[in-house]
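Everything on this sheet refers to the single structure shown next.
The values are calculated or read from the model by the stated rules, or taken from the named source; none is laboratory data. These numbers come from a predicted model, not from an experiment. Cβ atoms come from the backbone with ideal geometry, glycine included; neighbour counts cover every protein chain shown. Areas reflect the complete protein model, heavy atoms only, side chains present, ligands, DNA and RNA absent. Shrake-Rupley method; radii C 1.70, N 1.55, O 1.52, S 1.80 Å.
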Amino acid sequence: MGAEIGHNLPAGITNLLGRDEFVDLIHGEVQRVRLVSILGPGGIGKSTVALAVAERVVDTYADGVWWIDFASYKASADVAHFIADTIGFVIQSADAGAALSRFLRKREMLLVLDNCEHVADAIAACIRQILDKASRVHLLAASRISLRVENECVHFLNGLATPTDCYGLSAEAALGFPAIELFVDRARARVDSFALTDADAAAVAIICTKLDGIPLAIELAAIKLHVFGVSGLQRQMGDGLRILGGRRAGLERHRSMAATLDWSFSLLTDPEAELLQTISVFAGGFGIEDALSAFELPVDSVIAVLGELVMNSLLSTDGEGMGSRYRMLETTRYYCLAKLAESGREPDVCRRHAKHVIRLLEKASADGGDSNTPECSALRKVLLPDLLAALVWLNSTPEDNVLRVRLTSAAAALWRAHEFTQLATSVL
């Protein structure tokens, strides 16, 4: 049976916020390039963007636009059969991939492949045949990892825009940021009377920033507004992922951020999972040298594993090679810190991290630099999140009093007196 002209697209979202430019970009790429992949962490909105693009081009392809969701794919099945079943083609051949490619050879269609990460290799093998044999078939993939197919055009989807400075925002200014606009939209769906006020603007901005602009996380937080109120919800952000649960509908792994991260974590190898837990103690960005110095890890394996974690959308990077600096989304970091605590390795890892921060501070002090120089100001900015994290952890472990005193002394030498007094008071 041949595929009918049309589509099988699920219902879309009418108010897609903050994604117009990215949708425009992918829309153009899909028509220009035969394989386009949207990559990003769980909950970032890859499927939503892919659906928006598919809706735009639904009348463009003579043989339709077909949504193929691998979330329900079973490992015992064949990818070619799975795709064929979705588009209405019955394979009657021992070589399913070749049969599917022959069927598609004279078709003009867009295949949208969603939730590809857990079977990326099998999907890649299948679509290589399609790309080779069916020249008028285009593919759009939404995945946490690249399919690594030749000529694949990859675009990373980031979180919705949030303010760089949350304090002093008016409600009007705050609503200019898509992350805050989404929060307000979802909060109103739960509490009809909710309106963002100037008094609450900073707190809502902090919530959305703390959640890295991840749409799923923002939605899950917003629906708890009626329970905690704005200020209470902001306080709850310090409780990790517990607050970000409670959706009744949808895929199991989309009902909470923890479930979404469980799904991502389950796809990692043991070395990848262990390193991800270890580096979660870095509260700010970190470089390869930081990981090597703090935890005495072998350089080759660290570089390779960090690269895989970036490809799995669990880390972001702003450079290449040894000069790279990496950053973990806060929601991912909360999750990995909990995993680290469960593993029993937390005391050793946190102690090593604190010693690393001490070494950096003592080296800066020993270099004899003026604390008012731009170099020292930049160093303070980079080290501040990790200094705070180390102080908080050491303050919770009386047996590490010597390390806490040493860290406090090293920090005081680099911060101006009034700055350090405020800093120490905030955590000790």
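Positive end of the dipole of the chain (Cβ unit charges, origin at the Cα centre): among Pro385, Thr164, Thr332, the Cα lying farthest that way belongs to Thr332.
Does the stretch 180-223 come out rounded, prolate or oblate, given a ≥ b ≥ c as the square roots of the eigenvalues of its C-alpha gyration tensor, rounded meaning a/c under 1.5 and, failing that, prolate meaning a/b above b/c? Note, shape of the stretch 180-223 comes out oblate. Protein heavy-atom accessible surface, 1.4 Å probe, per residue over the stretch 84-228: 42 Å². The separation of the stretch 28-82 from the stretch 90-145, counted between C-alpha centres, amounts to 11 Å.
Close amide H pairs (under 5 Å, H built 1.01 Å from N) link Val137 with Met109, residues at least 5 positions away or on another chain. Between Ser343 and Arg148, the modelled labels are 2.2 nm apart [label points 7 Å from Cα along Cα→Cβ]. Each peptide among 188-196, 267-275 gets the average number of other Cβ atoms lying within 10 Å of its residues, and from highest to lowest they stand as 267-275, 188-196.
Rounded to the nearest 0.05, the FRET efficiency derived from the C-beta distance between Ala161 and Gln92 at R0 = 60 Å is 0.75.
When the Gaussian network model of the chain links Cα atoms closer than 10 Å, the mean-square fluctuations of Ala179, Ala410, Ala199 top out at Ala199.
Rolling a 1.4 Å probe over the protein heavy atoms of the chain, with every protein chain left in place, gives an accessible area that is 51 percent carbon and sulfur.
For the chain, modelled as a GNM whose springs connect Cα atoms under 10 angstrom apart, the maximal fluctuation among His226, His155, His353 occurs at His226. Dipole magnitude for the stretch 136-237: computed about the Cα centre from +1 point charges on Lys and Arg Cβ and -1 point charges on Asp and Glu Cβ, it is near 400 debye. Going by the alpha-carbon gyration tensor, a ≥ b ≥ c the square roots of its eigenvalues, is the stretch 118-168 rounded (a/c under 1.5) or, if a/c is not under 1.5, prolate (a/b greater than b/c) versus oblate? Here the stretch 118-168 falls in the prolate category.
Between Thr164, Thr86, Thr197, the Gaussian network model of the chain with springs among Cα atoms under 10 angstrom shows the greatest mean-square fluctuation at Thr164.
Shape of the stretch 67-152 from the C-alpha gyration tensor: oblate (a/c of 1.5 or more and a/b not above b/c, with a ≥ b ≥ c the square roots of its eigenvalues). Compared with the dominant principal axis of the Cα atoms in the chain, helix 299-311 is inclined by about 50°.
Rounded to the nearest 10 degrees, the angle from helix 401-414 to the longest Cα principal axis of the chain is 90 degrees.
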